[in-house]
There are 2 protein chains.
Amino acid sequence: MYLTLGLHRSLQQSPDAPATIFGDRVRSFREQADRVARLAGALRELGVRDGERVGVLALNSDRYAEFLLAVPWANGVLNPVNIRWSPAEIVYSLQDSQTGILFVDDAFASAVPALGDGYSGLRTVVYLGDGSPPAGMLSYEELISGAQPVEDARRGGDALAGLFYTGGTTGFPKGVMLSHANLLISALGDQATVPARVPGERVLHAAPMFHLVALGVGWLGGLLLGGTHVILPAFDPAAVIETIERHQVRSVLLVPTMLQMVADHPAVADHDLSSVRNVGYGGSPITEAVLARAMKAFPAASLRQGYGMTELAPSATMLGPDEHRVGKNLRSAGRPFVNVEVQIVDADDNEVPRRTVGEIVCRGGNVMLGYWNKPEETAQAVRGGWMHTGDAGYMDHDGYVYVVDRMKDMIVSGGENVYSAEVENAVGSHPAVAACAVIGVPDPEWGERVHAIIVLKPDHTASADDIRDHCKTLIAGYKAPRSCEFVDALPMSPTGKPLKRELRKPYWEGKDRYVH
Amino acid sequence: MYLTLGLHRSLQQSPDAPATIFGDRVRSFREQADRVARLAGALRELGVRDGERVGVLALNSDRYAEFLLAVPWANGVLNPVNIRWSPAEIVYSLQDSQTGILFVDDAFASAVPALGDGYSGLRTVVYLGDGSPPAGMLSYEELISGAQPVEDARRGGDALAGLFYTGGTTGFPKGVMLSHANLLISALGDQATVPARVPGERVLHAAPMFHLVALGVGWLGGLLLGGTHVILPAFDPAAVIETIERHQVRSVLLVPTMLQMVADHPAVADHDLSSVRNVGYGGSPITEAVLARAMKAFPAASLRQGYGMTELAPSATMLGPDEHRVGKNLRSAGRPFVNVEVQIVDADDNEVPRRTVGEIVCRGGNVMLGYWNKPEETAQAVRGGWMHTGDAGYMDHDGYVYVVDRMKDMIVSGGENVYSAEVENAVGSHPAVAACAVIGVPDPEWGERVHAIIVLKPDHTASADDIRDHCKTLIAGYKAPRSCEFVDALPMSPTGKPLKRELRKPYWEGKDRYVH
């Protein structure tokens, strides 16, 4: 099995059906296959060797989707760069992966000189935009029109398909090596577990395609089903609403924040979103209030929540439509996909009893090949075939998994384990709090002290004591924040999570909190 | 991924749900897991080494299903023996695979001495029946109660999961080596392509479990979904009907002959079969008349036809519920599963134009590892990653595959290709014909001559000239049988196909018709 399989299948079954819709540009599978075969030919002419990494730094587009097919077609390896990263982080990932060819669009063309300054190995830059390319770059469209098509390499199975850099919230970036089989098994398992997506369906892409939820579940799942990819350059709630109605989109994948922004947008009232049957959201649980608004906005849709990580290509567990309908277990990340085994283990990798917090570990055909050039980190993460997620959680008696915290976000205060997520729920329920993050900071008396960093709602006030007193009505005293800090905004990761690494930095500078 | 994954998953999610129902015996997943872990312990105590083949020769039962889990759990390799084979064929397969341990039930215990005479390597025989085992055999239940449970080996991925002997209709048996990944990808692909089976569903097993349709699609698919296996020892239309109603079965897999026997059985009128939502049938197309009767017998069911072969673990293409509803393309084997690529190629492996007959070839994660100890046959069958099915067929412009004939059943007469299936359709449409098989026999003038072997309906008569004249009204003269032979019955394969090898034997003795 290889990533391009779905294109071959659609070329046989529905060559004239739309493969991609991007703005007013519609391309059939026949056109897409021709362009991909030519672009792969161009990549070979540019000297791409078997297994060489080829990068893309761009907003979503139909060309991004062609890139995802052309690189494996040419027997290259994908390196979809995180568009939220700083130039220094991007330089690190290009250097680490020895990426010599990079595709950029208008949004990122201006960043190229800085990347070139930091990394001398960038030999070719391809401009994905329309019109003439900036100086020193090649034109994407001229490459396609000028190249001879080549045969699909059809390399697949356990061969490396892509490097997916991750680790922004918890440490230095690592290149997750995923095979064709990893990605395809995860996509098949998703579809086998949730029999709701259908052949030829229209899938909306609003979340960035470098991210594995968009790439693995959204794009690859839709590709296998012969679906049409309706692509927005980036997330915008009004555009999402308008596009769904215009193109009769059936499946949508979002993060909860995006789902909330769509559900709360005034344009929902004026648009018919009943074509949507599947709404997948990942990254964090949904509240009952947001769920109710989402179900009103998408009256014909089933909701499902996925939990996973890049290293799992990306799916581990799912809270399915049935659980959403009855509204139970909404705090749960659901149960394992049919192709994944999940256990909760202690520090010695022994399974712990139900409802006991431990580390969530996963096993299956979706577990990564390893971290690029990091054998020690790989051996640490994948032990006995089990991917150690670094997430703390527990499982109930029906096999539902509850993610409690990142293991590294756990605070050890006075010998007691405190899970920051539990404290954040308590702090966040104070009526004056708009957002918060809870971390452990060094404390001479307690080892670590529970510390809350809080954004207040406009025109609201609260003191540290108010917060602390409020929390004590909800959770044990030793879990309530011993100190609070009020800020205007929290630094956020691309997936909408507070960057605790950044928040901890001033407190832990020079101390080795992160020795695992 | 490993075959036992579904059991671990169900043990977490629904330990007290029924795993198997066999007669009045119901066993939960908790019981099944305990018994499987003990049986695996017993296998290790009996000296089963990593990768050693363990055989089973038995009718269907809940113990058969436990066996299928315990062998991989103990890191052994499955060898489910074809129950329709002669002792000589079974001896060949045991010897070829060096199977030292064999499980047998009451139906096959009496065959053991003859097997022992032919093959000296059978060191242990385990009796699957109730009560005391025959002399020289071990008791299955005593093995389980006396053994310590062991940890699941959890060996999977590309590791060998089983040997599946095949080739009865076209040559000497070959051991098809299937990996865990082969079987699991095929089962996932089936579920991803047909989103109709649901978690916890009840699956009826009436076809023999050694066969890969029952084992791969029925058993493994149901296992992944946490389903309950309702098991009949063997196919019997009245028992199928009664069991479906009694246990509210949702999914059924049959061959078309079985489907016809159920649909035509008088007991259908007295039983409610509306619990059945999925009827899968494989092996050959369905006629409109049988389809209409099947849809009446199963009023709430969707029908789907699968085409494949053991070497494909076993699925290649599917004619889905939509095609059955509109009644179009019923002669087609459908389109590729989402995890399979199918092409029609000429003798040089170049893809032929649509609607041109060639050899059907398939590629994907389901393609076998190879034939056991037969590197030459493997290299001949799997070329460039493509499994050469040996089936002649064509593809239409929508990607539907039509199986025309076995390549080896193609007759070359006077330089013209004649597909036996086309001739059989013509002969079979004569009102006096109950069944027929068409083969090529040596002919001094034509090289090969089209020859029909015919079973007439009771109280009907027809001469060779009658048959020939009838055929000429339907197909070209050179395709009509030049000679006919009338017999009482045709030798049949386990899957209900005429054994053309047997029929050809008297004509071709000493001649090398089978050089490929």
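Considering only the range A:356-369, state which residues are away from every other protein chain (no Cβ under 13 Å) and surrounded by fewer than 20 Cβ atoms within 10 Å (Cβ to Cβ).
Result: A:Thr356, A:Val357, A:Glu359.
Scanning for something part of a helix (DSSP H, G or I), surrounded by fewer than 23 Cβ atoms within 10 Å (Cβ to Cβ) and either within 14 Å of chain A (Cβ to nearest Cβ) or not small (Gly, Ala, Ser) (or both), does the range B:23-30 turn up at least one residue?
The answer is yes, given that some residue of the range B:23-30 is part of a helix (DSSP H, G or I), surrounded by fewer than 23 Cβ atoms within 10 Å (Cβ to Cβ) and either within 14 Å of chain A (Cβ to nearest Cβ) or not small (Gly, Ala, Ser) (or both).
If the Cβ limit is 9 Å and pairs must be 6+ apart or interchain, which residue in the range A:16-28 that is farther than 17 Å from A:Tyr64 by Cβ pairs with which residue that is small (Gly, Ala, Ser) and assigned to a strand (DSSP E or B)?
These pairs meet every condition: A:Asp16/A:Ser28; A:Ala17/A:Ser28; A:Ser28/A:Ala19.
Scan the range A:486-501 for residues that are surrounded by 15 or more Cβ atoms within 10 Å (Cβ to Cβ) and either among the acidic types (Asp, Glu) or without any contact (Cβ under 8 Å) to a residue 12 or more places away in the chain (or both) and jot them down.
A:Met492
Within the range A:447-461, does at least one residue satisfy the condition of being in contact (Cβ under 8 Å) with a residue 40 or more places away in the chain and of a type in the set (Ser, Thr, Tyr)?
Taking every residue of the range A:447-461 in turn, none turns out to be in contact (Cβ under 8 Å) with a residue 40 or more places away in the chain and of a type in the set (Ser, Thr, Tyr).
Considering every residue within the range A:123-137, establish whether at least one is crowded, with 19+ Cβ neighbours inside 10 Å, more than 23 Å from A:Asp34 (Cα to Cα), within 26 Å of the chain's Cα centre (by Cα) and of a type in the set (Ser, Thr, Tyr).
Scanning the range A:123-137, I find no residue that is crowded, with 19+ Cβ neighbours inside 10 Å, more than 23 Å from A:Asp34 (Cα to Cα), within 26 Å of the chain's Cα centre (by Cα) and of a type in the set (Ser, Thr, Tyr), so the answer is no.
Please work out which residue is surrounded by the most Cβ atoms within 10 Å (Cβ to Cβ), limiting yourself to the range A:48-65 and to residues that are farther than 14 Å from A:Pro208 by Cα and touching a strand residue (DSSP E or B) at 6+ places or on another chain (Cβ under 8 Å).
My answer is A:Gly55.
I'd like to verify a number: residues in the range B:287-301 that are buried (at least 19 other Cβ atoms within 10 Å of the Cβ) and either part of a loop (DSSP other than H, G, I, E, B) or among the hydroxyl-bearing types (Ser, Thr, Tyr) (or both), how many?
Within the range B:287-301, residues that are buried (at least 19 other Cβ atoms within 10 Å of the Cβ) and either part of a loop (DSSP other than H, G, I, E, B) or among the hydroxyl-bearing types (Ser, Thr, Tyr) (or both) number 2.
Only one of A:Ala462, A:Ala432 is out of contact with any helix residue (DSSP H, G or I) (no Cβ under 6 Å at 6 or more places or on another chain), surrounded by fewer than 18 Cβ atoms within 10 Å (Cβ to Cβ) and small (Gly, Ala, Ser); which?
From the options A:Ala462, A:Ala432, the qualifying one is A:Ala432.
Would you call B:Thr356 closer than 22 Å to A:Ser10 by Cβ and of a type in the set (Ser, Thr, Tyr)?
Answer is yes for this residue.
State all residues of the range A:31-45 that are closer than 18 Å to A:Ile21 by Cβ and either basic (Lys, Arg) or outside any helix (DSSP H, G or I) (or both); if no residue qualifies, say none.
A:Arg35
I want to confirm something. Restricting to the range A:314-355 and keeping residues that are small (Gly, Ala, Ser) and in contact (Cβ under 8 Å) with a residue 24 or more places away in the chain, which single residue is farthest from the other protein chains (Cβ to nearest Cβ)?
Restricting to residues being small (Gly, Ala, Ser) and in contact (Cβ under 8 Å) with a residue 24 or more places away in the chain, the top hit is A:Gly327.
Go through (1) within 14 Å of another protein chain (Cβ to nearest Cβ); (2) of a type in the set (A, V, I, L, M); (3) out of contact with any Lys or Arg (no Cβ under 9 Å at 6 or more places or on another chain) for A:Leu11 and report which single condition fails.
Here A:Leu11 meets the rest and fails (3).
Taking the stated definitions as given, is A:Gly189 closer than 17 Å to A:Gly308 by Cα, more than 14 Å from chain B (Cβ to nearest Cβ), among the small types (Gly, Ala, Ser) and crowded, with 21+ Cβ neighbours inside 10 Å?
Taking the combined requirement at face value, the residue does not satisfy it.
Here is a yes/no grid of residues against (1) within 14 Å of chain B (Cβ to nearest Cβ); (2) touching a residue at least 40 places away in the same chain (Cβ under 8 Å); (3) hydrophobic (A, V, I, L, M, F, W, C); (4) assigned to a loop (DSSP other than H, G, I, E, B):
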position: A:Phe210; (1), (2), (3), (4): no, yes, yes, yes
position: A:Val213; (1), (2), (3), (4): no, yes, yes, no
position: A:Val217; (1), (2), (3), (4): yes, yes, yes, no
position: A:Pro233; (1), (2), (3), (4): no, yes, no, yes
position: A:Glu242; (1), (2), (3), (4): no, no, no, no
position: A:Glu245; (1), (2), (3), (4): no, no, no, no
position: A:Val249; (1), (2), (3), (4): no, yes, yes, yes
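Out of curiosity, is A:Pro199 within 14 Å of chain B (Cβ to nearest Cβ), surrounded by fewer than 22 Cβ atoms within 10 Å (Cβ to Cβ) and free of Cβ contacts under 8 Å to residues at least 60 places away in the same chain?
Taking the combined requirement at face value, the residue satisfies it.
Take the residues of the range A:90-122 that are acidic (Asp, Glu) and touching a strand residue (DSSP E or B) at 6+ places or on another chain (Cβ under 8 Å): which is farthest from A:Leu232 (Cα to Cα)?
A:Asp96
Can you pull out every residue in the range A:397-413 that is in contact with a strand residue (DSSP E or B) (Cβ under 8 Å, 6 or more places away or on another chain) and within 14 Å of chain B (Cβ to nearest Cβ)?
Within the range A:397-413, A:Asp398, A:Gly399, A:Tyr400, A:Val401, A:Tyr402 meet the criteria.
Looking only at residues in the range A:396-429 that are over 23 Å from the mean Cα position of the chain (by Cα) and among the aliphatic types (A, V, I, L, M), which one is surrounded by the fewest Cβ atoms within 10 Å (Cβ to Cβ)?
A:Val412
Given the structure, is A:Gly162 assigned to a strand (DSSP E or B), closer than 30 Å to B:Glu351 by Cα, more than 14 Å from every other protein chain (Cβ to nearest Cβ) and at pLDDT 95 or above?
yes
When you go through B:Asp16, B:Asp62, B:Asp50, B:Asp34 one by one, which is the residue that is away from every other protein chain (no Cβ under 14 Å), acidic (Asp, Glu) and touching a Lys or Arg at 6+ places or on another chain (Cβ under 7 Å)?
On inspection, the qualifying residue turns out to be B:Asp62.
Condition (residue is surrounded by 22 or more Cβ atoms within 10 Å (Cβ to Cβ), touching a residue at least 40 places away in the same chain (Cβ under 8 Å) and within 14 Å of chain B (Cβ to nearest Cβ)) applied to the range A:86-96: is it met by at least one residue?
No - not one qualifying residue is present in the range A:86-96.
Taking A:Leu68 and the conditions (1) in contact (Cβ under 8 Å) with a residue 40 or more places away in the chain; (2) within 14 Å of chain B (Cβ to nearest Cβ), which numbered condition does it fall short on, given that it satisfies the others?
(2) is the only condition that A:Leu68 fails.
The values are calculated or read from the model by the stated rules, or taken from the named source; none is laboratory data. All values reported here derive from a predicted model rather than from experimental measurement. When we count neighbours, we look across all protein chains shown, and the Cβ atoms used for this are built from the backbone with ideal geometry, even at glycine.
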